[in-house]
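Notes for the one structure printed next.
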Amino acid sequence: AQSVAQPEDQVNVAEGNPLTVKCTYSVSGNPYLFWYVQYPNRGLQFLLKYITGDNLVKGSYGFEAEFNKSQTSFHLKKPSALVSDSALYFCAVRDRTAGTALIFGKGTTLSVSS
Amino acid sequence: EPEVTQTPSHQVTQMGQEVILRCVPISNHLYFYWYRQILGQKVEFLVSFYNNEISEKSEIFDDQFSVERPDGSNFTLKIRSTKLEDSAMYFCASSADSPYNEQFFGPGTRLTVL
């Protein structure tokens, strides 16, 4: 069965510092991987995806993520955090051979302090 | 930038009543989805819809639920005989010409069943 783990409920960083939000996944085939962000009272907003090719993918608002097949991880990173990055972040996976449904992690709250 | 829209933003209903949640996907998208998020829990896939038929559904999507694309723009989720445990945020999403493109989510409808 497909699954996504986000081991941290909350990540706290100071503004200007690098941030990492962790994600590991489990699929039977090859994965499509996604990161979404959710601001209060808003829907999920697409940040970036890994489909194939370069393991380092760049997305919106300066975020990037690195696909690591051996560790089955897809951690979200940003070199310099902003207070406005504070939000709930979801990692999601889709098995290429198992349909179109996105399987989400439970989410990680990122809190960036000034 | 085109967006997925959902109405109403909040729906309160009595247990046993029927509700219809409405969505307008992005206009040139071909794949449509419903997800739900019970408070404090993961975002869960309900159903995907393509070419006027259900392409995939989860175990959650039982006979109580149905989806319809009644015209060229709307996509609806009907919940018959609502139960207390149906209380959740319901998200509509759409994706473009391939199911493997990223899904764009609407702001959600918060359903409260009393």
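Determine which member of the set A:ARG96, A:ARG42 is of a type in the set (Lys, Arg) and in contact (Cβ under 8 Å) with a residue 12 or more places away in the chain. Checking each option against the conditions leaves just A:ARG96.
Of all residues in segment B:72-101, which are among the polar types (S, T, N, Q) and open to solvent by 60 Å² or more (accessible area, probe 1.4 Å)? Once the filter is applied, which keeps residues that are among the polar types (S, T, N, Q) and open to solvent by 60 Å² or more (accessible area, probe 1.4 Å), segment B:72-101 yields only B:SER81. Answer yes or no: is there a residue in segment A:60-83 that is touching a residue at least 60 places away in the same chain (Cβ under 8 Å), surrounded by fewer than 19 Cβ atoms within 10 Å (Cβ to Cβ) and polar (S, T, N, Q). Looking through segment A:60-83, at least one residue is touching a residue at least 60 places away in the same chain (Cβ under 8 Å), surrounded by fewer than 19 Cβ atoms within 10 Å (Cβ to Cβ) and polar (S, T, N, Q). Selection of segment B:4-19 for residues being over 15 Å from B:SER73 (Cβ atoms) and either touching a Gly at 6+ places or on another chain (Cβ under 7 Å) or part of a strand (DSSP E or B) (or both) yields B:HIS10, B:GLN11, B:VAL12, B:THR13, B:VAL19.
Taken residue by residue, segment A:1-14 has no member that is open to solvent by less than 20 Å² (accessible area, probe 1.4 Å) and free of Cβ contacts under 8 Å to residues at least 24 places away in the same chain.
When each of A:LEU102, A:LEU56, A:LEU44, A:LEU19 is tested for being surrounded by fewer than 19 Cβ atoms within 10 Å (Cβ to Cβ) and over 10 Å from the mean Cα position of the chain (by Cα), the lone residue that passes is A:LEU56. Taken together, the residues in segment A:59-86 that are part of a strand (DSSP E or B) and within 12 Å of the chain's Cα centre (by Cα) amount to 10. Condition first: touching a Leu at 6+ places or on another chain (Cβ under 8 Å), within 11 Å of chain B (Cβ to nearest Cβ) and not hydroxyl-bearing (Ser, Thr, Tyr). Can you find one or more residues in segment A:60-78 that meet it? Looking through segment A:60-78, none of the residues is touching a Leu at 6+ places or on another chain (Cβ under 8 Å), within 11 Å of chain B (Cβ to nearest Cβ) and not hydroxyl-bearing (Ser, Thr, Tyr). Counting only strands (runs of 3 or more DSSP E) that sit wholly inside segment B:74-114, those with at least 1 residues that are hydrophobic (A, V, I, L, M, F, W, C) and facing chain A (nearest Cβ under 9 Å) are B:88-95. Here the condition is being within 13 Å of another protein chain (Cβ to nearest Cβ), over 14 Å from B:ARG110 (Cα atoms) and out of contact with any Cys (no Cβ under 8 Å at 6 or more places or on another chain); of B:GLU68, B:GLU59, it holds for B:GLU59 alone. Could you tell me whether A:TYR89 is hydroxyl-bearing (Ser, Thr, Tyr), outside any loop (DSSP other than H, G, I, E, B) and either open to solvent by less than 20 Å² (accessible area, probe 1.4 Å) or at positive phi (or both)? Judged against the criteria, A:TYR89 is a match. Just for segment B:29-60: of the residues that are under 24 Å from B:ASP97 (Cβ atoms) and outside any strand (DSSP E or B), which one is nearest to the chain's Cα centre (by Cα)? Taking the candidates together, the pick is B:SER58. Of the residues that make up segment A:16-35, is at least one assigned to a strand (DSSP E or B) and free of Cβ contacts under 8 Å to residues at least 40 places away in the same chain? No, because not a single residue in segment A:16-35 is assigned to a strand (DSSP E or B) and free of Cβ contacts under 8 Å to residues at least 40 places away in the same chain.
The values are calculated or read from the model by the stated rules, or taken from the named source; none is laboratory data. If you're wondering where the values come from, they're calculated on a predicted model, not measured in any experiment. Positions of Cβ are generated from backbone atoms using ideal geometry, with glycine treated the same way; all protein chains shown enter the neighbour counts. Ligands, DNA and RNA are excluded from the accessible area calculation, which covers all protein heavy atoms including side chains. Shrake-Rupley method; radii C 1.70, N 1.55, O 1.52, S 1.80 Å.
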